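Student: The structure that follows is given in the form of structure tokens.
The values are calculated or read from the model by the stated rules, or taken from the named source; none is laboratory data. Since the model is a prediction, treat every value here as computed from it, not as a measurement. With ideal geometry, Cβ positions are generated from the backbone for all residues, glycine too; neighbour counts draw on all protein chains shown. Side chains included, ligands, DNA and RNA excluded: accessible areas come from the protein's heavy atoms. Shrake-Rupley method; radii C 1.70, N 1.55, O 1.52, S 1.80 Å.
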Amino acid sequence: MGGKEIGVRSDVFFTFYFLLSTSYFQGKDMSIDIEEIQRERLIGWNRYGIYIRVILYSLALALALLRASTQTIPLNYPILYITTIILLLNLVFLFFLSKQVCKESKRCLFLLSFSSLTADLMAITYSVHLQGGLAAAICPLNYTIVIIGASFLLSQRGAIIIAALSSLLFSLLISLEYFMILPPIPVGKIGITLYKDGGYVLSIIIGRCIFFLGIAVISGYFIDKIKDQEKEIMRKEKELMEKEKMALAAHLASESAHEIKNPLTVVKAGIYYLKMTFPKENEVVQETIHQIDDAIERITSFLNTLLNLYRPPSILNKDSDKTE
């Protein structure tokens, strides 16, 4: 009874272990989709960026209305219109971002990111005009934030495109102010005098364009390096999980073969006993015994093949060297 109880416990333990292992792999996603993870991250960055824009533009709009109502300051309607338009655009971007089609399409995410960044550049360009054009001290910082954001959302190539667009908008604004097509807003005593020297204006435009492109190249390079390292880490995690899966499958195959081979050994010994007990003249019995013996050999061969399938390459090489 003791041996039988031990055998039953072993079978129960093996069955429980097999069910636990299979449920572990069914519950754990073994196929890490790196592109899917990066897409979800891009969606999160866009969503947070839109939330921040909505809050900032809402505060700017509320502040402008509050100042006009409490301090009898006339409303600056261009600022009011631009702020309202960009606020509505961001709400539209947020609506499209919530759609499943936009989440699954990489091109849609790229267009959404590019559109939102372009809207930011237009707002910044108009704010530079309000701050005095060339006299705007924080002008490079405004564009730089958008360019670095493009490095996160669009990669280095997208950051360079945004930097080129920033250079184009800034150059167009300063040129319109220089030729008095769009009169500059005077800020202090030096606001208008900066436009009298054409060489100085040209040098500022060229310097800012080079600065914007340099920021795009440098930030895009380092951020792309970080993204590549994260992709390599995720790839190694995927390989590690696959190895873990193969190791568990090998263990299950080994346990299965062991649990099957033990009863087969007993059956084979019994077949040998029957073969020696029954007379050879009884052809029907001998043929049946021979068929059972062949079936046992086929099962044993299949189990050996199963074990070799999950055996590490180093062990297989050692076995091949021994046979040679």
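Student: Using a 1.4 angstrom probe and counting only protein chains, how large is the accessible area of Thr305 in Å², to 10?
Tutor: Per-residue accessible area (Thr305): approximately 90 Å².
Student: A further question on this structure: If we sort 233-240, 165-172 on the protection proxy, mean other Cβ atoms within 10 Å, highest first, what's the order?
Tutor: Put in order of decreasing packing, that is 165-172, 233-240.
Student: Given 10 °C and 1.306 mPa s, compute D for the range 46-174 with the Stokes-Einstein relation, Rh being the Kirkwood radius over Cα pairs; round to the nearest whole µm²/s.
Tutor: Value of D from the Cα-based Kirkwood radius: 101 µm²/s.
Student: A further question on this structure: Among 110-120, 53-63, how do they line up from the highest to the lowest mean number of other beta-carbon atoms within 10 Å?
Tutor: Result, highest mean first: 110-120, 53-63.
Student: Follow-up. With the crude spin-label approximation of a point 7 Å out along Cα→Cβ, what separation in nm comes out for His258 versus Met180?
Tutor: My value for the distance between the label points is 9.5 nm.
Student: Each residue of the range 180-185 in turn: what ³J(HN,Hα) in whole Hz from Karplus with 6.51, -1.76, 1.60 and θ = phi - 60°, glycine and Pro shown as x?
Tutor: Result, rounded to whole Hz: 6, 5, 10, x, x, 8.
Student: In sequence order, what are the phi-derived ³J(HN,Hα) couplings for the range 88-97 according to the Karplus relation 6.51 cos²θ - 1.76 cosθ + 1.60 with θ = phi - 60°, rounded to whole Hz, with x for glycine and proline?
Tutor: Calculated HN-Hα couplings, in order: 5, 4, 5, 5, 5, 4, 5, 5, 5, 5 Hz.
Student: Counting only heavy atoms of the protein chains, get the accessible area per residue of the range 183-276 (1.4 Å probe) and round it to a whole Å² value.
Tutor: 66 Å²
Student: On a full-extension model of 0.36 nm per residue, what is the gain between Leu88 and Leu56, subtracting their alpha-carbon distance, rounded to one decimal in nm?
Tutor: 10.3 nm
Student: Any idea what the dipole of the range 205-296 comes to, in debye rounded to 20, about its Cα centre with Lys/Arg Cβ at +1 and Asp/Glu Cβ at -1?
Tutor: It comes to approximately 660 debye.
Student: Using the Cα centre of the range 168-319 as origin and beta-carbon charges of +1 (Lys, Arg) and -1 (Asp, Glu), tell me which of Ile226, Phe170, Met241 is placed farthest towards the positive end of the dipole.
Tutor: Phe170
Student: What pairs in Lys243/Lys268; Lys103/Lys238; Lys236/Lys261; Lys245/Lys268; Lys99/Lys243; Lys106/Lys238 have C-alpha atoms more than 31 Å from each other?
Tutor: Long pairs (Cα-Cα over 31 Å): Lys243/Lys268; Lys236/Lys261; Lys245/Lys268; Lys99/Lys243.
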